[in-house]
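Below is one structure, written out as structure tokens; the observations come after it.
The values are calculated or read from the model by the stated rules, or taken from the named source; none is laboratory data. Given the structure is predicted, the values throughout are model-derived calculations rather than measurements. Positions of Cβ are generated from backbone atoms using ideal geometry, with glycine treated the same way; all protein chains shown enter the neighbour counts.
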Amino acid sequence: MTSARTRSRMIDRLKQQGISNHEVLAVMEQVPRHLFVDEALQHKAYDDTSLPIGYGQTISQPYIVARMTELALACGARDKVLEIGTGCGYQAAILAQLFKTVYSIERIGPLAQRARQRLADLGVHNARLRHADGSKGIADAAPFDVILFAAAAPIPPEHLIPQLAPHGRLIVPVGEASQELALIAREADVWVETRLEPVRFVPLLGGITN
């Protein structure tokens, strides 16, 4: 259920779904997604579905992780990326193979602790996790080449644009009952928002819990 053949089938499916970046596909095949979910769900780890990770949160389906990673790489620069909503740490593990430094924020204490330990166990040492309110970003570590949200904001979080590098891009699910994946990027010295495709994420919440 976690064999090389199972992972290969996931990669074939991602290609059919339109993921074409070879680096993204290679990393998705390499990182063991089954280690980021409970043992009882590991047989579903490489299916095209989101899975519960506790505390009302989920690990996103492989396609969404690959799609957002592909959008992040299109920025061109790979120095610093900020992920808002660490969850189980899977997206951070993927990004850590492709960016020099990954900053990731999780508001739920136990999830942040588990993700930190899981990444350490896997030898991921360039991910800097914080237990904090992700909706505020991390101003003291800015600017970021990419800011990526793993939770849906009701409106585009334009207050975080000052934390982006001049060439940066913000990737965020936007909406409540109906959501779309949005990309905010600079075009001719103006920040432009583009809506890409329907998605379904847990809502972005402020504050922290221990």
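Would you confirm, using the coordinates I've provided, whether GLY123 is at pLDDT 95 or above, at positive phi and surrounded by 23 or more Cβ atoms within 10 Å (Cβ to Cβ)?
Values: at pLDDT 95 or above: yes; at positive phi: yes; surrounded by 23 or more Cβ atoms within 10 Å (Cβ to Cβ): no.
Against the criterion (at pLDDT 95 or above, at positive phi and surrounded by 23 or more Cβ atoms within 10 Å (Cβ to Cβ)), GLY123 does not qualify.
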Selection from the stretch 163-200 of residues that are outside any loop (DSSP other than H, G, I, E, B), of a type in the set (D, E, K, R) and farther than 14 Å from MET68 by Cβ
ARG186, GLU187, GLU193, ARG195
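Among what's in the stretch 128-162 and is part of a helix (DSSP H, G or I) and among the small types (Gly, Ala, Ser), pick the residue that is surrounded by the most Cβ atoms within 10 Å (Cβ to Cβ).
First, pick out the residues of the stretch 128-162 that are part of a helix (DSSP H, G or I): 134-136, 139-141, 158-162.
Adding the requirement that they be among the small types (Gly, Ala, Ser) leaves 134-135, 139, 141.
On the way: GLY134: 27, SER135: 19, ALA139: 10, ALA141: 14.
Ranking the candidates gives GLY134 first.
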May I ask you to list pairs of residues, at least six apart or on different chains, whose Cβ atoms are under 9 Å apart, with the first in the stretch 3-19 being closer than 16 Å to VAL65 by Cα and the second being loosely packed, with under 12 Cβ neighbours inside 10 Å and not hydrophobic (A, V, I, L, M, F, W, C)?
ARG7/GLN30
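Scan the helices (runs of 4 or more DSSP H) fully inside the stretch 1-101 and keep the ones with 1 or more residues being among the acidic types (Asp, Glu) and surrounded by 17 or more Cβ atoms within 10 Å (Cβ to Cβ).
Details: elements: 4-16, 22-30, 62-73, 90-96.
Ranges flagged: 62-73.
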Within the stretch 201-209, can one find any residue that is modelled with pLDDT under 95, in contact with a helix residue (DSSP H, G or I) (Cβ under 9 Å, 6 or more places away or on another chain), more than 18 Å from GLN61 (Cβ to Cβ) and assigned to a strand (DSSP E or B)?
yes
Are there any pairs, at least 6 apart or on different chains, whose C-beta atoms fall under 8 Å, with the first in the stretch 81-92 and charged (D, E, K, R) and the second surrounded by 24 or more Cβ atoms within 10 Å (Cβ to Cβ) and not in a strand (DSSP E or B), and if so, which?
GLU83/GLN91; GLU83/ALA92; GLU83/LEU95; GLU83/ALA150
Working carefully through the options ASP140, ASP145, find the one that is in contact (Cβ under 8 Å) with a residue 40 or more places away in the chain and either under 23 Å from ARG33 (Cα atoms) or of a type outside the set (Ser, Thr, Tyr) (or both).
ASP145
Of all residues in the stretch 157-169 being touching a residue at least 24 places away in the same chain (Cβ under 8 Å) and touching a Pro at 6+ places or on another chain (Cβ under 7 Å), which is nearest to GLY134 (Cα to Cα)?
GLN163
So TYR46, is it touching a Pro at 6+ places or on another chain (Cβ under 8 Å) and not polar (S, T, N, Q):
yes
Using beta carbons and a limit of 7 Å, which pairs, at least six apart or on different chains, have the first residue in the stretch 190-210 and acidic (Asp, Glu) and the second one assigned to a loop (DSSP other than H, G, I, E, B)?
GLU193/PRO156
